[in-house]
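Engineer: The structure's right below; bear with me while I get my questions together.
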Amino acid sequence: MQKIHLDCQHCDSKSISFMKDCSPEQAEKITAVKSCSHFKKGQNIFYEGNIPLGIHCISQGVVKLVRTNHDGKEQILRFAQAGDFLGYRALIADEPLVATAICVEDTIACFVPKKVFMEVLDENPQVSKQLLKALCHDLGVVEERIQSLAQKSVRERLAETLLFLQTTFKTDEQADEVIPITLPREDIANIVGTATETVIRLLSEFKSDKLIELEGKKIRILNKSSLEKISHASV
């Protein structure tokens, strides 16, 4: 982890986070107290069970939120990328963090202390509104995931996961259908909720059916409409 300086007014993620609703004075207040760090791929930003002392804003990179069960097995709850804030739910609820934040790729994250963050929420209704919107979105994602795990087969969930990864991480500049984020097969299996061997077998089947193309760890979607039909089979 390497400490760096990053001005909120010039942060690339400012336009897609609720920081855009801060007044210039509030942005200056946050800039004065925050600390920014460059994390390498695989490093942790915070740990499950710790008491949050503030929030973390992702300026660049991708982070996975992981929870560990009693057997030591990891479960990926969700992903965060540029513009997303982490730790705010536990901070506001005054509870321990329920997940560990692990960098999927090199990441720049800024830490804003609790005192200043709560002051901004009290002062600015628009920021509070955007925070509530983010909380509702996260709740909706969890509800969809629970429904998927309960009602869909592993094959359907894998198709759904591939489409989710492609849609979530695709940029405006990206012309082809390669899934932009490269995840180990174990992580994909974690998202799907099955064994790694099952994901490897199903990916091979998808390849044989010409639904996808495998280029090492990279996955290219060849037939999006067929994957959509598979993912919606139980709906």
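Engineer: Given the options GLU197, GLU215, name the one that is at pLDDT 95 or above and acidic (Asp, Glu).
Structural biologist: Values: GLU215 fails: at pLDDT 95 or above.
When all the criteria are applied, what remains is GLU197.
Engineer: Sort out which residues of the range 128-156 are in contact with a strand residue (DSSP E or B) (Cβ under 9 Å, 6 or more places away or on another chain) and closer than 23 Å to THR194 by Cβ, and write them in order of number.
Structural biologist: Step one: filter the range 128-156 for residues in contact with a strand residue (DSSP E or B) (Cβ under 9 Å, 6 or more places away or on another chain), giving 131, 134, 138, 141-142, 145.
Listed by number, the residues that qualify are VAL141, VAL142, ARG145.
Engineer: Hey, ALA80 hits all of (1) buried (at least 21 other Cβ atoms within 10 Å of the Cβ); (2) touching a residue at least 60 places away in the same chain (Cβ under 8 Å) but one; which does it fall short on?
Structural biologist: (2)
Engineer: With at negative phi, over 13 Å from the mean Cα position of the chain (by Cα), in contact (Cβ under 8 Å) with a residue 12 or more places away in the chain and not in a helix (DSSP H, G or I) as the only criterion, which of THR161, THR171, THR182 stands out?
Structural biologist: Working: THR161 fails: not in a helix (DSSP H, G or I); THR171 fails: in contact (Cβ under 8 Å) with a residue 12 or more places away in the chain.
Criteria check complete, one pass: THR182.
Engineer: Follow-up question, since we're still on this one. Can you spot a residue in the range 214-221 that is closer than 28 Å to TYR88 by Cα, basic (Lys, Arg) and open to solvent by 40 Å² or more (accessible area, probe 1.4 Å)?
Structural biologist: Quick first cut of the range 214-221, residues closer than 28 Å to TYR88 by Cα only: none.
So far as the range 214-221 goes, no, none of its residues is closer than 28 Å to TYR88 by Cα, basic (Lys, Arg) and open to solvent by 40 Å² or more (accessible area, probe 1.4 Å).
The values are calculated or read from the model by the stated rules, or taken from the named source; none is laboratory data. Please read all numbers here as calculations on a predicted model, not as lab measurements. Here the Cβ is made from the backbone with ideal geometry for all residues, glycine too, and neighbour counts use every protein chain on show. What goes into the accessible areas is simple: the full protein's heavy atoms, side chains included, and nothing from ligands, DNA or RNA. Shrake-Rupley method; radii C 1.70, N 1.55, O 1.52, S 1.80 Å.
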